[in-house]
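Rule-based calculations on the coordinates, nothing more; no lab input. What you are looking at is a predicted structure, and each value in this text was computed from that prediction instead of being measured. Glycine gets a Cβ as well: all are built from the backbone with ideal geometry, and neighbour counts include every protein chain shown.
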Amino acid sequence: MIIVKQEAELLEAFINFETANQYRVYDEIGRFLLQVGEESDCLTRQCCTSGRAHMLHVMDNNLNEVLTLRSPWRPCMGPFCFACCDPCSHQIHVYCCNKRIGYVEESCSLIQYTFRVYRDDENPVFTINAPLCRWDACCCDDVYYVYDYQGSAVAQIRKKFAGIGKEVFTDADTFGVQLPRHMHVLDKALLFAATFLIDFMFYENNNKSDNMMDRGIQIGR
């Protein structure tokens, strides 16, 4: 298991000012592995929230960038905007050494949010189904099931309820990522990136008074 913890910011807690997201990644016994920093401009963070264009720089212990995650600006963010229109769909593109290895894209659906995971050759690898209802403030976990294109469940992304005492003030999140050992390293990177896409789509835009100091998402079999 990998734990991805978003760092809470005092500005978010006290004056409702959206800061650039910062994350730290740990293994299941708490050893530090990676850090992830958002690159975006201040204006779009305040005005566009979850639809803002941004980059996430994934760096190792020596501050070498091992992955770059890029999400384009999403122009349509209203409740009646459908992902059937390409400019309206949320996306995250995954790069390693300036070469794109794949991307994750919100898929057209009128009932249930779904995502398609593609390698850079445009071959689809996974489908991710979001829960019909999300319970981030209702003492329940949110589970996103990951299927391969043979229809087998291969993983899941779990946003864990962190406790009433932590569901306040900021949109700082804590995730966990657990992937099957046999999975190809590039596919692991794509599902790792999908976790951030899910966070920005569903948990970045909450009211600060209802958000978590310490949310949890797990990806696992």
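Annotations for the structure displayed:
- If R0 equals 25 Å, the separation of the Cβ atoms of Val185 and Tyr145 corresponds to a calculated FRET efficiency of about 0.70.
- Net charge of neighbours whose Cβ lies under 12 Å from the Cβ of His57, counting Lys and Arg as +1 and Asp and Glu as -1: -3
- Cys108, Cys48 arranged by Cβ crowding within 10 Å, fewest neighbours leading: Cys108, Cys48
- Counted by Cβ distance under 9 Å from Leu33, the other residues give a net charge of 0, where Lys and Arg count +1 and Asp and Glu count -1.
- The fewest-to-most ranking of Lys99, Lys160 by surrounding Cβ atoms within 10 Å reads Lys99, Lys160.
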